[in-house]
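A short write-up of the structure that comes next.
The values are calculated or read from the model by the stated rules, or taken from the named source; none is laboratory data. The model shown is predicted, which means the values in this text are computed figures rather than measured ones. Counting neighbours? That spans all protein chains shown, and the Cβs are built from the backbone with ideal geometry, glycine included. Areas reflect the complete protein model, heavy atoms only, side chains present, ligands, DNA and RNA absent. Shrake-Rupley method; radii C 1.70, N 1.55, O 1.52, S 1.80 Å.
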Amino acid sequence: MSQQTASFAAGCFWGVEARFRELDGVVEATSGYMGGNTENPTYKEVCGGQTGHAETVQVVFDDEQIGYEELLDQFFDMHNPTTLNRQGPDFGSQYRSAIFCHSEEQRAAAQQKIRQINDSGKWPDAVVTEVSQAPEFWPAEEYHQRYFEKNGAGFCKL
């Protein structure tokens, strides 16, 4: 097994984490925070909009079972990548669409996928997904991990 890491922000991390967990080849999906300026931020701080972090899911995957491109397809299928700092009823920079790349190969694949989506005309507006180098990942508090499994709720409306 060859494991890689990918990090995606697509709005509320509860639904994003649950969707990635369903995929064959995903070894682990963890809700957390990336892209901000505060060390070890709390949910309250991130939701306050002062830390600059996005609710992010870090995915560990077996690249012999699922490729990064398939993860990108799933990511773009689970949210609207054309809305700036908003997904469904949730708004603020913590809900932005972002791909935090762990390699130059991931960056190139993400940028190519965005070009393909924009060229396809799938969305009336251009994709606003941020693509950047992965900064430090801060796992969210335990009560956010596997939230739907623990609480029996359905998916967030993404």
Note to self: Quick check: residue separation of Lys44 and Gln112 times 0.36 nm, minus the Cα distance between them. What number comes out in nm?
What the structure shows: 21.0 nm
Margin query: Test of understanding: in a Gaussian network model of the chain with alpha carbons linked when under 10 Å, which of Val16, Val127, Val59 would top the mean-square fluctuation ranking?
Written below: Val127
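Under 8 Å for C-alpha pairs, at least 6 residues apart: give me the relative contact order for the stretch 60-130, rounded to a whole percent. Present the calculation step by step, with values, prior to reporting the outcome.
On the way: 50 pairs, mean separation 23.8, N = 71.
34 percent.
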Checklist line | Relative contact order (%) - the stretch 1-109, alpha-carbon pairs under 8 angstrom, separation at least six | finding: 38
Item checked: Helical contribution to [θ] at 222 nm, DSSP H n ≥ 4, -39,500 (n - 2.57), averaged over the chain, rounded to 500 -> -8500 deg cm²/dmol
Next item on the list: Return the FRET efficiency for the residue pair Glu149, Asp77: r is the Cβ-Cβ distance, R0 is 25 Å, and the value is rounded to the nearest 0.05.
Entry: 0.70
Notebook entry, point to check: Which cross-chain or sequence-distant (5 or more) residues have an amide H under 5 Å from the amide H of Tyr33, H modelled 1.01 Å from N in plane?
Noted result: Thr56, Trp138, Ala140
Next item on the list: Could you give the size of the charge dipole of the chain about its Cα centre, using +1 on the Cβ of each K and R and -1 on the Cβ of each D and E, expressed in debye and rounded to the nearest 20?
Entry: 620
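Determine the sum of side-chain charges near Val16: Lys and Arg each +1, Asp and Glu each -1, restricted to other residues whose C-beta is under 12 angstrom from that of Val16.
-3
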Check: What are the ³J(HN,Hα) values, in whole Hz, obtained from phi via the Karplus relation 6.51 cos²θ - 1.76 cosθ + 1.60 with θ = phi - 60°, for each residue of the stretch 129-138 in sequence order, with x given for Gly and Pro?
Finding: 4, 6, 10, 8, 5, 5, x, 5, 9, 10
Next item on the list: Answer with one residue from Gln74, Ala126, Ala110: the one whose Cα lies farthest towards the positive end of the charge dipole of the chain, charges on Cβ with Lys, Arg +1 and Asp, Glu -1.
Entry: Ala126
Next item on the list: Report the antiparallel proportion of the DSSP beta bridges in the chain as a percent, rounded to a multiple of 5.
Entry: 85
Item checked: Nitroxide proxy distance, nm - points 7 Å out along Cα→Cβ at Glu130 and Glu105 -> 2.6
Next item on the list: Check every DSSP H run in the chain and write down those whose alpha carbon atoms cover 20 angstrom or more along the long axis and whose mean Kyte-Doolittle hydropathy is 0.5 or greater.
Entry: none
Checklist line | Accessible surface, the chain, averaged per residue in Å² (probe 1.4 Å) | finding: 49
Next item on the list: Would you work out if the chain is rounded, prolate or oblate? Take a ≥ b ≥ c from the square roots of the eigenvalues of the alpha-carbon gyration tensor; rounded if a/c is under 1.5, else prolate when a/b is larger than b/c, oblate otherwise.
Entry: rounded
Margin query: If I compute solvent accessible area with a 1.4 Å probe over the protein chains, what percent of it on the chain is carbon and sulfur?
Written below: 47
Next item on the list: Subtracting the Cα-Cα distance from 0.36 nm times the residue separation, let me have the gained length for Asp90 to Arg21 in nm, one decimal.
Entry: 22.6 nm
